[in-house]
Amino acid sequence: MRDKIVVTGATSGLGRALVFALAKAGYQPVPTGRNAAKLAALADELGVVGYKLDVSDAAEVSRICAQITDEQGPIEGLINNAGIWLEGDFETCAAADIQAVIDTNTTGTILMTHALLPDMLARGQGTVINTISTGALYTRKMISVYAASKWAIRGFTGCLEVECAPKGVRVMGFYPGKIASDMYKSAGVARDLEVAMTPQQGAAMVLTMLQDKGMVWSHVSGRSIDDYV
Ligand SMILES: NC(=O)c1ccc[n+]([C@@H]2O[C@H](COP(=O)([O-])OP(=O)(O)OC[C@H]3O[C@@H](n4cnc5c(N)ncnc54)[C@H](OP(=O)(O)O)[C@@H]3O)[C@@H](O)[C@H]2O)c1
């Protein structure tokens, strides 16, 4: 039986590249996403079952994760990838946008893990990979809320790494630099992505982290060679 890997935010960018890379590598991706139409089209294209799941909706996270476990059986991996961008001077950020970033990037990741990790621990095997960001490795202006959402997950990931590894479960963080995806455009921010890594390059790194079950890769980061200016 192929290992089943749940991916959040699979409908575009890194998540989309990842579910195709997983399928090609012999895994069974379990794509999830907040947009039902995009998700259905993706699941069709992949020939797998997908689940409409908005990670910022706590009730939906709990209900759909239970459904996934019921219908798919043991879940070997969870890749918390769903995320949104927010940029600007802190005092100009709308309260609703601040809440959405924390609900999605931070609480969404924590609650997805809370829903799927216990079964991995009970089986003494499994992998959780959190897509974090180089924004959680340093500080810079204009990204305070996005950075806060990811720094929180850096702490969460590191604590779970040491808590879960002795129990056979790997919890790891992936810290990519700029990716040529829709993330900035969706947030209404113009960004030159000519120099960014492709979603496929990012997905290849996540796949490498997933594949060797004997390794816990901590703080894996990288950016395109063209992104050094
Ligand atoms: N792009 C970068 O430069 C960069 C750099 C470092 C880290 N990252 C991180 O990489 C991850 C993937 O981002 P990306 O660059 O691939 O951006 P993207 O193309 O915008 O993809 C983000 C995905 O997350 C989904 N999503 C957003 N909110 C969601 C929610 N509440 N519930 C479920 N899914 C939700 C989006 O759904 P829709 O398709 O409906 O929009 C989309 O599928 C994010 O965690 C991001 O923070 C990105």
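Peptides 25-35, 135-145, ordered by how many other C-beta atoms sit within 10 Å of their residues on average, highest first, read 25-35, 135-145.
The charge dipole of region 4-227, taken about the Cα centre with unit charges on the Cβ atoms of Lys, Arg (+1) and Asp, Glu (-1), comes to about 380 debye, rounded to the nearest 20. Kirkwood radius, the chain, all distinct C-alpha pairs, inverse of mean reciprocal distance: 17.6 Å. Each of Ser218, Ser224, Ser133, Ser149 was scored by other Cβ atoms within 10 Å of its Cβ. Arranged with the fewest first, they read Ser218, Ser224, Ser133, Ser149. Candidate cross-link partners of Lys167 among the lysines, defined by an alpha-carbon separation under 30 Å and a same-chain spacing of 8 or more, comprise Lys4, Lys24, Lys150, Lys213. Label positions at Lys52 and Asp89, each projected 7 Å from the Cα along the C-beta direction, are separated by 4.1 nm.
Available extension along the chain between Asp70 and Val195 is 40.7 nm, counting 0.36 nm per residue and deducting the alpha carbon span.
Dividing the convex hull volume of the alpha-carbon atoms in region 1-44 by its residue count gives 59 Å³ per residue. Exposure proxy ranking for Ile64, Ile225, Ile129, based on other Cβ atoms within 10 angstrom of each Cβ and starting from the fewest, stands as Ile225, Ile64, Ile129.
Within region 123-175, the ratio Rg/Rh, alpha carbon atoms throughout and Rh by Kirkwood, equals 1.09. Taking the centroid of alpha carbons for each part, region 124-153 and region 104-119 are 14 Å apart. Label sites at Ile225 and Asp44, each approximated as a point 7 angstrom past Cα along Cα to Cβ, lie 4.0 nm apart. Note on Gln211 and Cys159: the extension gain reaches 16.5 nm, defined as 0.36 nm multiplied by sequence separation minus the Cα-Cα distance.
Using the rule -39500 (n - 2.57) for each DSSP H run of four or more residues, divided by the residues of the chain, the 222 nm mean residue ellipticity is -13500 deg cm²/dmol. Each of Ala204 and Ala100 was given a label point 7 Å from its Cα along the Cα-to-Cβ line. The distance between the two points is 3.3 nm.
FYI, it's all coordinate maths here, none of it is from the lab. Model, not experiment: these values are computed from the prediction. Methodologically, a virtual Cβ is constructed for each residue, glycine included, from the backbone with ideal geometry; neighbour enumeration extends over all protein chains shown.
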